[in-house]
Each structure stands twice: as structure tokens, then as C-alpha cells.
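The values are calculated or read from the model by the stated rules, or taken from the named source; none is laboratory data. Computed from a predicted structure; not experimentally measured. Glycine also receives a Cβ, built like all others from the backbone with ideal geometry; neighbour counts cover every protein chain displayed. When the accessible area is computed, the model is the full protein with side chains, heavy atoms only, and any ligands, DNA or RNA have been set aside. Shrake-Rupley method; radii C 1.70, N 1.55, O 1.52, S 1.80 Å.
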Amino acid sequence: MSEAKGIHVLAICGSLRTGSYNRAALRTAIELKPPGMAIETADIGSLPLYNEDVRAQGFPPSVETLRRQIAAADALLFATPEYNYSMSGVLKNAIDWASRPPDQPFAGKPVAIMGAGAGMAGSARAQYDLRRCCVFLDMHPINKPEVLIGQCHTKFDAEGRFTDEVGCGLIRDLLVALEGWTRLIGRKA
Ligand SMILES: Cc1cc2nc3c(=O)[nH]c(=O)nc-3n(C[C@H](O)[C@H](O)[C@H](O)COP(=O)(O)O)c2cc1C
């Protein structure tokens, strides 16, 4: 039997903050990923605000890059903060840009979602809203495990390392589940 091919994941972080806990959680994911999985991080900070008039003249280069990265990825990994009980504007803006026709690149993608928030719910409401976008865009998010990093300011050390052992285990399990899900439903046998 031939060896299974590696899985290429595109990570999208909903916070642009240098000290972002969601970005730090993504770094942890990169450290804990299963062998054979590669995780690349998208840059959504340079996207303009969505404007249909601009799109009508063609996607800006930063949007083209993001759309190409999504299309090329075997799976997506979102790390979302919670802003006012929903996802951040920058994350929604990136999804809105990338989702426009033709050939919207999200369709059929296996997806894993995690998030960190200051409140007890650990971005649960943001993640739920993100899951609703997944329905419309025909993505296939994993249901479990849920990675909800609550009171995130207490869960990372001064160097931005995730210190919660249970949380680290959940991130590891999420990526293992993403690998299995991608092989089951994605383009990777
Ligand atoms: C505009 C705004 C709205 C926020 N709303 C919520 C919220 O609804 N629930 C919550 O738990 N935290 C909320 N927070 C706190 C964020 O969860 C916290 O700042 C978190 O660290 C942001 O993620 P980051 O560290 O990746 O930037 C809000 C923060 C901002 C800036």
C-alpha cells in the first residue's frame, strides 16, 4: 500500500493583534499537529474592507492570494476571537471577500474551528456564528472536539505559550480529527 499523502492546512486567525491569544493558540496547533500535516497561516490583515463596487472591477491582489491559498488547501483551521458575541469584523471581512463568485473556494472544504476569548465561554458564540457561515458556504466543519479557550488571558505565559494541559490535548485531538475527516471527505485518500 502506498504511503498516505501529507495534508496541507490553511490557518486563518481572526485577530490581527501582535499579542493575540488566538494567534498564540495557532502557534500551539502548529507545534502539536500530527506528522504529515503542514499548517500555513493566511494574512488577512492587508485585505481592504469589502466593497461590491471594488469586486466588480476585479479582486484586489491580497484577495486573489487568499482565494488561491484557500483553493489549494486540503483543509482549513480557523482560530476566532469573540467580539460582541460574534466573530471579529476582520475574520468576517476575509470570509466575505473570499466567498464571492466565481468558484468560491470554501465549498467542500473540511474545517476545524478553535478560539480564545476573555469570557468564560471561550469564543463559543463566535464559533457558532462561524459555523453558520460554513453552512452557507458549503464547508464541512468537524463537530468535536470543541476547543473553547475561556479566560484566555490566564492560559498563556509571558512568551505566549499555551499553558493549559487539557486545552493542549484538545488542540491535538482536533488536528487528529481534522486529518481523519480530510482523508474521509476531502481530496486526500
Ligand atoms: C471589540 C471587542 C469585543 C469583545 N467582545 C467579547 C465578547 O463578546 N466575549 C468575550 O469573551 N470577549 C470579548 N472581547 C475580549 C476578547 O475576547 C479578548 O480581547 C481576546 O483576547 C481577543 O482575542 P485575541 O487575543 O486573539 O486578540 C472583546 C474584545 C473586543 C476588542
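Results for (1) out of contact with any Lys or Arg (no Cβ under 6 Å at 6 or more places or on another chain); (2) away from the ligand (no atom under 16 Å from the Cβ); (3) not in a helix (DSSP H, G or I), shown as yes or no for each residue.
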site: ILE95; (1), (2), (3): yes, yes, no
site: GLY115; (1), (2), (3): yes, no, yes
site: GLN127; (1), (2), (3): yes, no, no
site: LEU174; (1), (2), (3): yes, yes, no
Could you identify the single residue in LEU91, LEU137 that is within 16 Å of the ligand (Cβ to nearest atom) and under 21 Å from ARG67 (Cβ atoms)? LEU91
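I'm checking my understanding of the structure. Among residues of the stretch 80-90 that are touching a Lys or Arg at 6+ places or on another chain (Cβ under 7 Å) and of a type outside the set (Asp, Glu), which one is least open to solvent (accessible area, probe 1.4 Å)?
Here is the first cut: in the stretch 80-90, the ones touching a Lys or Arg at 6+ places or on another chain (Cβ under 7 Å) are 82, 85-86.
Okay, now just the ones that are also of a type outside the set (Asp, Glu), so 85-86.
Values: TYR85: 146, SER86: 32 Å².
Result: SER86.
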What are the residues in the stretch 140-171 that are more than 15 Å from the chain's Cα centre (by Cα), away from the ligand (no atom under 14 Å from the Cβ) and outside any loop (DSSP other than H, G, I, E, B), if any? GLU165, VAL166, GLY167, CYS168, GLY169, LEU170
So, in the stretch 2-35, of the ones that are under 20 Å from VAL147 (Cβ atoms) and β-branched (Val, Ile, Thr), which residue ends up farthest from the ligand (Cβ to nearest atom)? ILE7
Is one or more of the residues making up the stretch 149-170 touching a helix residue (DSSP H, G or I) at 6+ places or on another chain (Cβ under 9 Å), more than 19 Å from THR28 (Cβ to Cβ) and open to solvent by 40 Å² or more (accessible area, probe 1.4 Å)? no
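So which residues in the stretch 1-14 are open to solvent by 10 Å² or more (accessible area, probe 1.4 Å) and not charged (D, E, K, R)? It would help to see each step written out before you state the result.
Residues of the stretch 1-14 open to solvent by 10 Å² or more (accessible area, probe 1.4 Å): 1-6, 8.
The answer is MET1, SER2, ALA4, GLY6, HIS8.
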